Amino acid sequence: MSSCLLALESSCDETAAAICTLDGRLIASRIASQIEIHRQYGGVVPEVASRNHILHVRPLVEQVLADANLTLKDITAFAATSGPGLVSSLLIGTSMAKALAVAENKPFIAVNHMEGHLLSPFMNENGPVRSCVALIVSGGHTMLVRVRDVGHYELLGRTRDDAAGEAFDKVAKMIGLPYPGGPEIDKLAHRGDPTAFAFPRSFLDGRSLEFSFSGLKTAVLYELPKLDLKSEQVLTNVCASVQAAIIEVLVEKLVLAAKQCGEKLVTVSGGVSCNRGLRAALTARCAKEGLQLLLAQPDLCTDNAGMIAFAAVQRFNIGHTSPLEADVDPNLSLVS
Ligand code: KG4
Ligand code: ZN
């Protein structure tokens, strides 16, 4: 068995553990989802999330070790997400990983959650990490990043207001769909007409790589009183039209960023990259533009510890470890 790293993810409402070999192969990954618990509140309740992380984190460590047929002695380094995220949630995973590192006298690696998403398209057969233009679309972030190599990132643009996932979730809530709204809209959209409503596409000025989704939310809000959402056709048409508006902006800005950078490889990651309409539109558009597209595997799009383990391995292999005093940072930035 080659050397392995164990990583924990607890930045929001998923507790997760994973083991990755130091050559980047994911050999065990488990997630204890809290979605059902938070659904009754319509969103994540931080206090409830952290209590559930406490309950799940230790069994998850034991489960991934059993899955990989390893013991703690076989682990070369321990990693955890240290930000961005909910502070009370981040503390559970990092405290556990640090405790394991101390007990086993092994290094600890603090991982930026966004770097986990950013590098996830390079997992499995898609490595090694190399120069690309990356789009990250999650619940809290929407950003375009120029990647030169591991740790060498430049921000090309981000959202000025809501993230793409937040736009999906907020619109879904307005039209009465359960949390999290993105997957619900995805499910309904493919039965609707994406041209039924002309919701706004905010491109800002033509060359801007920044995003803005708050206008879309407002447009849906104004449309609401006129809508009979009990009608299956109306509901699916709204979902299809909202999804089309979000997708068009994401696809066009990614292509624009690749052109501006003269880059032929583009990657897409984060929870929203699960969206089937987005994946289809990206695949078609990139083929037309002669761009190579790497999409994060669907089970690695939403929060998971596999991507954190993979990012930690990339860092560890170039000599990065973190001091045990390293604190969590709810606003940790990907680019300095
Ligand atoms: O990356 P992620 O799991 O967590 C953050 O780091 O934020 O992303 C969660 C976001 C949520 O807003 C959720 O609604 C969205 O990803 N999402 C989707 C889909 N699956 C998850 N959005 C659109 N279509 C989906 N299939
Ligand atoms: Zn995430």
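Table for the structure above
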| read-out | value |
| --- | --- |
| The range 255-280 - residue that is more than 16 Å from ligand 1 (Cβ to nearest atom) and surrounded by 17 or more Cβ atoms within 10 Å (Cβ to Cβ) and, of those, farthest from residue 157 (Cα to Cα) | 265 |
| Whichever residue in the range 53-91 is among the polar types (S, T, N, Q) and crowded, with 21+ Cβ neighbours inside 10 Å and, among such residues, is farthest from ligand 2 (Cβ to nearest atom) | 82 |
| Residue list for the range 1-28, filter: in a loop (DSSP other than H, G, I, E, B) and either farther than 15 Å from residue 109 by Cα or under 19 Å from the mean Cα position of the chain (by Cα) (or both) | 1, 2, 3, 10, 11, 12, 13, 23, 24, 25 |
| Scope the range 286-301; condition more than 12 Å from ligand 1 (Cβ to nearest atom), touching a strand residue (DSSP E or B) at 6+ places or on another chain (Cβ under 6 Å) and aliphatic (A, V, I, L, M); matching residues | 291, 293, 294, 295 |
| Unmet requirement for residue 333, which otherwise passes all of (1) of a type in the set (S, T, N, Q); (2) in a helix (DSSP H, G or I); (3) outside the structural domain of residue 190 (by TED's automatic domain parsing) | (2) |
| The one condition in (1) within 16 Å of ligand 2 (Cβ to nearest atom); (2) not in a helix (DSSP H, G or I) that residue 169 fails to fulfil | (2) |
| Among the residues listed as 228, 186, the single one being part of a helix (DSSP H, G or I) and either of a type outside the set (A, V, I, L, M) or more than 27 Å from residue 42 (Cα to Cα) (or both) | 186 |
| Residues being touching a residue at least 24 places away in the same chain (Cβ under 8 Å) and either assigned to a loop (DSSP other than H, G, I, E, B) or among the aromatic types (Phe, Trp, Tyr) (or both) - total across the range 285-322 | 15 |
| Test: residue 151 is more than 14 Å from ligand 2 (Cβ to nearest atom), assigned by TED's automatic domain parsing to the domain that holds residue 209 and closer than 20 Å to residue 278 by Cβ | no |
| Filter result for residue 283 (touching a strand residue (DSSP E or B) at 6+ places or on another chain (Cβ under 9 Å), more than 8 Å from ligand 1 (Cβ to nearest atom) and within 29 Å of residue 27 (Cα to Cα)) | yes |
| Test: residue in the range 35-47 that is in a strand (DSSP E or B) and touching a Leu at 6+ places or on another chain (Cβ under 8 Å) | no |
| Those residues of the range 282-309 which are among the hydrophobic types (A, V, I, L, M, F, W, C), farther than 13 Å from residue 121 by Cβ and touching a Gly at 6+ places or on another chain (Cβ under 7 Å), in sequence order | 308 |
| Strands (runs of 3 or more DSSP E) (entirely within the range 82-150) containing at least 3 residues that are at pLDDT 95 or above and under 29 Å from residue 256 (Cα atoms) | 132-137, 142-149 |
| Among (1) touching a Phe, Trp or Tyr at 6+ places or on another chain (Cβ under 7 Å); (2) free of Cβ contacts under 8 Å to residues at least 24 places away in the same chain - the single one residue 223 does not satisfy | (2) |
| Check on residue 234, more than 21 Å from residue 160 (Cβ to Cβ), touching a residue at least 12 places away in the same chain (Cβ under 8 Å), among the β-branched types (Val, Ile, Thr) and part of a helix (DSSP H, G or I) | no |
| Some residue of the range 212-221 being closer than 21 Å to residue 255 by Cα and either surrounded by fewer than 17 Cβ atoms within 10 Å (Cβ to Cβ) or modelled with pLDDT of 95 or more (or both) | yes |
| Subset of the range 107-150 that is among the polar types (S, T, N, Q), within 16 Å of ligand 1 (Cβ to nearest atom) and over 18 Å from residue 316 (Cβ atoms) - its residue that is surrounded by the fewest Cβ atoms within 10 Å (Cβ to Cβ) | 138 |
| Residue 96 vs. criteria within 16 Å of ligand 1 (Cβ to nearest atom) and at negative phi | no |
| Residue tally, condition closer than 22 Å to residue 182 by Cα and more than 15 Å from ligand 2 (Cβ to nearest atom), over the range 294-336 | 2 |
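The values are calculated or read from the model by the stated rules, or taken from the named source; none is laboratory data. These figures come from a predicted structure and were not determined experimentally. Cβ atoms come from the backbone with ideal geometry, glycine included; neighbour counts cover every protein chain shown.
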